[in-house]
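A.B. asks: Have a look at this one before I ask anything.
Every number in this text was worked out from the coordinates using simple rules, so none of it is lab data. Note that the coordinates shown come from a computational prediction; the quantities given were computed from them, not determined experimentally. Heads up, the Cβs are rebuilt from the backbone with ideal geometry, glycines too, and the neighbour counts pull from every protein chain shown.
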Amino acid sequence: MSELSKRRLKLWIRMLGVTRAAENRLRDYLRREHNTTLPRFDVMAALWRRREGVTMSELSRMLLVSNGNATAVMDRLEADGLAKRESEDGDRRRVRVRLTPEGLAAFEAMAVGHEAEVDAIFADLTETDLDTMREILARAGRRAE
């Protein structure tokens, strides 16, 4: 293994550590401040971006999770009155899901705090740091794909 290869491996391990630490902090924030989970937040964020609603298959693809996982989260959101399922064109096999007005308001309140928490996590990074990291990660992402 070359020295450069070892350095790349160490970078990968560091990136995983930073990602896990940030994700754990966000999970804790959402649980503590909004009595919710990161998967619920992610589903609500996806539905907030697509106000017209999406099919369950589209939702699963957007979140990179199984239909079963997306369905379980949707079941709970629907039970809490934050999301709803609607038959598409009277066809009960095609269902669109979307946030309710209560769900939109709840998500928007959570999103403000979520953004502040992410801002605090990365507060030591300057604008130049962010631009550099974004460019580096974009190159790395193209190579990984």
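A.B. asks: Give me the number: length gained by fully extending Asn67 to Arg143, i.e. 0.36 nm times residue separation minus the C-alpha to C-alpha distance, one decimal in nm.
C.D. replies: Here the segment from Asn67 to Arg143 would lengthen by 24.5 nm.
A.B. asks: Which of the peptides 62-75, 2-15 is most tightly packed, and how do the rest follow, judged by the mean count of other Cβ atoms within 10 Å per residue?
C.D. replies: For the peptides 62-75, 2-15, the packing ranking is 62-75, 2-15.
A.B. asks: Amide H neighbours of Ala83 under 5 Å, at least 5 residues apart or on other chains, H built in the peptide plane: list them.
C.D. replies: Amide H to amide H, under 5 Å and 5 or more residues apart or across chains, Ala83 pairs with Glu78, Thr100.
A.B. asks: Okay, next question. Can you tell me how much longer the chain between Glu135 and Glu33 gets when fully stretched, taken as 0.36 nm per residue apart minus their C-alpha distance, in nm with one decimal?
C.D. replies: Value of the extension gain: 33.4 nm.
A.B. asks: Kindly write out, for the stretch 41-51 in residue order, the coupling ³J(HN,Hα) from the Karplus curve 6.51 cos²θ - 1.76 cosθ + 1.60 (θ = phi - 60°), rounded to whole Hz, with x marking Gly and Pro.
C.D. replies: Those phi angles translate into 4, 4, 5, 4, 5, 4, 6, 5, 5, 10, 4 Hz.
A.B. asks: Val54's amide H: which non-local residues (gap 5+, or another chain) put their own amide H closer than 5 Å, with H modeled 1.01 Å from N in plane and none for Pro or chain starts?
C.D. replies: Val97
A.B. asks: Give me the percent relative contact order of the stretch 3-144, please, defined on Cα pairs under 8 angstrom at least 6 residues apart.
C.D. replies: After rounding, I find 22 percent.
A.B. asks: Under the Karplus relation 6.51 cos²θ - 1.76 cosθ + 1.60, θ = phi - 60°, what is the ordered set of whole-Hz ³J(HN,Hα) values for the stretch 25-37, x standing for Gly and Pro?
C.D. replies: 5, 5, 4, 5, 4, 5, 5, 5, 8, 10, 6, 9, 10
A.B. asks: For the pair Arg76 and Arg14, how long in nm is the line joining their label points, each one 7 Å along Cα→Cβ?
C.D. replies: With each label point 7 Å from Cα toward Cβ, the separation is 3.5 nm.
A.B. asks: Within a Cβ distance under 15 Å of Leu26, other residues only, what is the Lys/Arg minus Asp/Glu net charge?
C.D. replies: With Lys, Arg at +1 and Asp, Glu at -1, the net is -1.
A.B. asks: Rg and Dmax of the chain, Cα atoms, in Å?
C.D. replies: Every Cα atom of the chain included, Rg and Dmax give 18.6, 62 Å.
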